[in-house]
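Shown next, in C-alpha cells, is the structure this report addresses.
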Amino acid sequence: MSRLADRLTDRPDHALAGVIRMPEPTVSPVASIARRVVWALVALFAAVMIVYLDRDGYRDGNGDGLSFLDCLYYATVSLSTTGYGDITPVSASARLVNVLIITPLRVLFLIVLVGTTLAVLTERSRQAFKLQRWRTKVRDHVVVVGFGTKGRSAVRSVLSDGNQPEQIVVVDTDTAMLETASAMGLVTVHGSGTRSDVLRVAGVPRARAVVVAANRDDSAVLITLTARELAPKTQIVAAVREAENVHLLRQSGANQVVVSSETAGRLLGMATHTPTVVNMVEDLITPESGLAIAERDVEQSEIGGSPRHLSDIVLGVVRSGKLFRVDHPEADAIEVGDRLLYVKKVTPADED
C-alpha cells in the first residue's frame, strides 16, 4: 500500500470523499424519478412550442404543413436523437433556432434522462466541495470514536444538550455503524481512531471534546494517547470496561473516565433490593424526559447565598474547574464565576 493511501492527511479533499461522509437529505427514489420526468417534459414542451411558433420554416415529407401533432412528433424524435428526417428545417430562422435552442434542449433532455448516472459521476466532486468547506469551518465540535452502544448513547446525550448533528463527528471502522450515524445527520469518518491521521481528518485538534467509546480497553488507551497528543487542551472523556485500567486512561490524558462494566454491575445489584433507586438513577442520566442532571451559571442574585437554599435541587458547585459537593465547606457560599450542578425537570420545550 502506498504512502498516499496510508496517510489520510496527505490526501487532497476530493480523495477523502470515501473516508469522510457528510450528511445528506434523504429523497425517495420515486420523488427523484418524478423530478427528472418533470424536467424532461418541460424541455419537450419548450421544444414543441418553439417549433410550432416557427412551423412555416419547416418542411414535412407529405408537403401539407405542420400541425401541432407534427411539431410534437418532430420535437420528440429530435430530442431523443432518433431523427427520421421526414420533417426538416428549411428556412434560415428555423435552422438557427435548431442550432441555438433545439440542440441545447436535446442535450438537457438526455442529461435529465440519464441523470442517475451523471449524479453518481458528480457525487464525488460535490462531496469534495462540501468536505473542503466543512474542514475549513468546523470548530468546537465533538468527536465520538466508536459508534457502538456507548457511542450512540453519548451522541444522543450530546444532541439532547442542544448541539446540532453537523457538530458531531463519528469515527469508526464498521461501515454499518457509519451508515447509522449518517442517517442521524452526523458527519462520519471511516478509519481507526488509533491512527493520528484519522483523528486529524476528524478535526480532533480543533474539537471541543473527544469521546472515546472503544470496545476494548487497550484500544481506548491508545486512542486517548493519540488524541491527547493532537489536542493538548481538548476535553477527553473515555469509557473503560475494567476499573483496574482507569489509571492507564488518566495517565494517557483522559479528563474523565467512566467504568462501564462496574457501573452497570452496581445498578444490577441495586435493582435486586432497591429497584426504585435504579429507576431514579436511570431517570437522572436519561436526558429525554423526566429529571436530568444539568449545569448552569449562577445568577447575580444568587452570589453570596447558600446553594442549599435555592429553589433548584443543587448537587454541587463547580469552581475553577473543580467540583465541590453541596455538603462541602467550600460550597457554603456561592461565588462569582461558579457554576451549579443541579437537577432540572425536562419539559417538552427542552426535548425539542
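Residues in the range 161-173: is at least one over 30 Å from K344 (Cβ atoms) and free of Cβ contacts under 8 Å to residues at least 24 places away in the same chain? Step through it out loud before you land on a result.
Within the range 161-173, the first condition is being over 30 Å from K344 (Cβ atoms), and the residues that meet it are 171-173.
With free of Cβ contacts under 8 Å to residues at least 24 places away in the same chain added as a condition, the list becomes 173.
Yes: the range 161-173 contains one or more residues that are over 30 Å from K344 (Cβ atoms) and free of Cβ contacts under 8 Å to residues at least 24 places away in the same chain.
Going through the range 314-336 one residue at a time, which ones are farther than 21 Å from Q256 by Cβ and either at pLDDT below 90 or out of contact with any strand residue (DSSP E or B) (no Cβ under 8 Å at 6 or more places or on another chain) (or both)?
The first filter runs over the range 314-336 and keeps only residues farther than 21 Å from Q256 by Cβ, leaving 327, 329, 332-336.
Of everything in the range 314-336, those that are farther than 21 Å from Q256 by Cβ and either at pLDDT below 90 or out of contact with any strand residue (DSSP E or B) (no Cβ under 8 Å at 6 or more places or on another chain) (or both) turn out to be D327, P329, D332, A333, V336.
Here is a yes/no grid of residues against (1) among the small types (G, A, S); (2) surrounded by fewer than 13 Cβ atoms within 10 Å (Cβ to Cβ); (3) in a helix (DSSP H, G or I); (4) at pLDDT below 85:
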site: T116; (1), (2), (3), (4): no, yes, yes, yes
site: V120; (1), (2), (3), (4): no, yes, yes, yes
site: R126; (1), (2), (3), (4): no, no, yes, yes
site: R139; (1), (2), (3), (4): no, yes, no, no
site: V170; (1), (2), (3), (4): no, no, no, no
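Which residue pairs have Cβ atoms closer than 6 Å, lie 6 or more positions apart in sequence or on different chains, and pair a first residue in the range 291-308 that is on the phi < 0 side of the Ramachandran plot and among the β-branched types (V, I, T) with a second residue that is modelled with pLDDT under 90 and assigned to a helix (DSSP H, G or I)?
Listed by first residue and then by second, the contacts come to I293/L284.
With respect to L159, is the statement that it is under 22 Å from T286 (Cα atoms) and in a helix (DSSP H, G or I) true? Please lay out each step first, then the result.
Numbers: under 22 Å from T286 (Cα atoms): yes; in a helix (DSSP H, G or I): yes.
Considered against the rule, which asks whether it is under 22 Å from T286 (Cα atoms) and in a helix (DSSP H, G or I), L159 comes out as yes.
Tell me whether the range 185-199 contains one or more residues that are farther than 24 Å from L131 by Cα, touching a residue at least 40 places away in the same chain (Cβ under 8 Å) and touching a helix residue (DSSP H, G or I) at 6+ places or on another chain (Cβ under 8 Å).
Here is the first cut: in the range 185-199, the residues farther than 24 Å from L131 by Cα are none.
There is no residue in the range 185-199 that is farther than 24 Å from L131 by Cα, touching a residue at least 40 places away in the same chain (Cβ under 8 Å) and touching a helix residue (DSSP H, G or I) at 6+ places or on another chain (Cβ under 8 Å).
Given the criterion surrounded by fewer than 21 Cβ atoms within 10 Å (Cβ to Cβ), under 26 Å from E295 (Cα atoms) and in contact with a strand residue (DSSP E or B) (Cβ under 9 Å, 6 or more places away or on another chain), identify the matching residue among T234, T224, T175, T149. Show your work before the answer.
Details: T224 fails: surrounded by fewer than 21 Cβ atoms within 10 Å (Cβ to Cβ); T175 fails: under 26 Å from E295 (Cα atoms); T149 fails: in contact with a strand residue (DSSP E or B) (Cβ under 9 Å, 6 or more places away or on another chain).
Residue meeting the stated conditions: T234.
From the list S252, S260, exactly one residue is in contact with a helix residue (DSSP H, G or I) (Cβ under 7 Å, 6 or more places away or on another chain), within 30 Å of P232 (Cα to Cα) and in contact (Cβ under 8 Å) with a residue 60 or more places away in the chain. Which is it?
Numbers: S252 fails: in contact (Cβ under 8 Å) with a residue 60 or more places away in the chain.
Result: S260 is the single residue among S252, S260 that is in contact with a helix residue (DSSP H, G or I) (Cβ under 7 Å, 6 or more places away or on another chain), within 30 Å of P232 (Cα to Cα) and in contact (Cβ under 8 Å) with a residue 60 or more places away in the chain.
Out of the residues in the range 199-221 meeting the condition of being farther than 17 Å from L249 by Cβ and among the basic types (K, R), tell me which one is surrounded by the fewest Cβ atoms within 10 Å (Cβ to Cβ). Break it down into steps so the answer makes sense when it comes.
Let us first name the residues in the range 199-221 that are farther than 17 Å from L249 by Cβ, namely 200-203, 205-208.
After this cut, where a residue has to be among the basic types (K, R) as well, the list is 200, 206, 208.
Numbers: R200: 17, R206: 16, R208: 14.
Going through the qualifying residues, I end up with R208.
For the range 132-144, indicate whether the set of residues that are free of Cβ contacts under 8 Å to residues at least 12 places away in the same chain, out of contact with any helix residue (DSSP H, G or I) (no Cβ under 6 Å at 6 or more places or on another chain) and not β-branched (V, I, T) is non-empty. Outline the logic, then answer.
Here is the first cut: in the range 132-144, the ones free of Cβ contacts under 8 Å to residues at least 12 places away in the same chain are 133, 136-137.
In the following step, the residues that additionally are out of contact with any helix residue (DSSP H, G or I) (no Cβ under 6 Å at 6 or more places or on another chain) were identified as 133, 136-137.
Of the ones still in play, those that are also not β-branched (V, I, T) are 133, 137.
Looking for residues that are free of Cβ contacts under 8 Å to residues at least 12 places away in the same chain, out of contact with any helix residue (DSSP H, G or I) (no Cβ under 6 Å at 6 or more places or on another chain) and not β-branched (V, I, T), one finds at least one in the range 132-144, hence yes.
Could you figure out which of (1) at pLDDT below 90; (2) within 28 Å of A227 (Cα to Cα) isn't true of A254?
It fails just one condition, (1).
What helices (runs of 4 or more DSSP H) lie completely within the range 239-352 and have 2 or more residues being surrounded by 11 or more Cβ atoms within 10 Å (Cβ to Cβ)? So that I can check it myself, show each step before the final result.
Working: elements: 246-252, 260-271, 275-285, 348-351.
In the range 239-352, 246-252, 260-271, 275-285 are the helices (runs of 4 or more DSSP H) which contain 2 or more residues that are surrounded by 11 or more Cβ atoms within 10 Å (Cβ to Cβ).
The values are calculated or read from the model by the stated rules, or taken from the named source; none is laboratory data. Please read these numbers as outputs of a predicted model, since none were measured by experiment. All Cβ positions, even for glycine, are placed from backbone atoms using ideal geometry, and neighbour counts span all protein chains on display.
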